[in-house]
Structure formats: C-alpha cells, structure tokens
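Colleague: Before I ask anything, let me first share the structure, which is written out below as structure tokens.
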Amino acid sequence: MPAPPEDVMFVHPRWFVIGFALIAFALIINYDLRLGLAAGAVLGTFGAVWLYLALRLNLVGDDRPTYRRRVLDRFRQQLSNRREAERQREDRSGA
C-alpha cells in the first residue's frame with residue numbers, strides 16, 4: 001500500500017525546488033566564479049528571507065494536520081456515523 005503524501009517528506013515539492021536551485025547555482029559557479037558568487041548571494045538572501053518568515057510565522061516544525069488529512073478524517077468519521085446509524089436501524093427493525 002502506498003504511503004500518504006504527508007508521511008513521505010522527500011517528495012514534497014519544496015525539496016525539488018531547493019534541489020534545482022542548488023544545481024543551477026553549481027552550474028553557474030562552474031561557468032563563471034563571479035557570476036556564481038552573485039547567484040549564491042541572491043540564493044542565500046532568498047533562503048534567509050524564507051527562513052525568517054517561516055520561523056516568524058511559525059510555519060516550520062508545526063505538526064498541524066494538513067487540509068487533506070482533515071478531509072480524510074472527516075470522511076472516515078461520517079462513514080463511521082453512517083455505519084453506526086445503519087446498525088442501530090437494523091437492531092430496531094430486527095428486535
């Protein structure tokens with residue numbers, strides 16, 4: 001059975017973007033050192049701003065359930081409620 005997307009952190013799109021940015025940085029620094037250092041400074045600035053905002057807005061390390069997880073939990077609860085209601089209806093009609 002495949003793992004849900006919340007449990008597999010290495011396929012999160014954020015890691016693909018970070019990986020491609022680092023690869024692009026390595027290609028640029030290999031092409032021209034000064035251009036690579038400038039690209040690294042820009043990349044580092046964006047990384048620092050993202051880290052500041054993520055920590056300031058409490059987005060990193062928060063174990064809040066995702067929207068998908070909340071929808072699945074609600075669906076399972078409704079399904080459980082329907083089964084319970086159907087079982088009670090059968091008990092009343094059978095007794």
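Colleague: Looking at the stretch 48-61, is at least one residue at pLDDT 90 or above, among the small types (Gly, Ala, Ser) and closer than 21 Å to residue 12 by Cβ?
Modeller: Yes, that holds for at least one residue.
Colleague: Let me ask another. I'd like to verify a number: residues in the stretch 47-58 that are surrounded by fewer than 11 Cβ atoms within 10 Å (Cβ to Cβ) and not aliphatic (A, V, I, L, M), how many? I'd like the intermediate steps shown before the answer.
Modeller: To start, the set of residues in the stretch 47-58 that are surrounded by fewer than 11 Cβ atoms within 10 Å (Cβ to Cβ) comprises 48-49, 52, 56-58.
Adding the requirement that they be not aliphatic (A, V, I, L, M) leaves 52, 56, 58.
Here the count works out to 3.
Colleague: From 70, 89, which residue is modelled with pLDDT of 90 or more and surrounded by 10 or more Cβ atoms within 10 Å (Cβ to Cβ)?
Modeller: Working: 70 fails: modelled with pLDDT of 90 or more.
Answer to the selection: 89.
Colleague: Going by the conditions given, is residue 19 modelled with pLDDT of 85 or more and open to solvent by less than 80 Å² (accessible area, probe 1.4 Å)?
Modeller: Working: modelled with pLDDT of 85 or more: yes; open to solvent by less than 80 Å² (accessible area, probe 1.4 Å): yes.
It is true that residue 19 is modelled with pLDDT of 85 or more and open to solvent by less than 80 Å² (accessible area, probe 1.4 Å).
The values are calculated or read from the model by the stated rules, or taken from the named source; none is laboratory data. This is a predicted model, so every value here is computed, not measured. All Cβ positions, glycine included, derive from the backbone under ideal geometry; neighbour counts span all protein chains shown. Heads up: the accessible areas ignore ligands, DNA and RNA and are worked out on the full protein's heavy atoms, side chains in. Shrake-Rupley method; radii C 1.70, N 1.55, O 1.52, S 1.80 Å.
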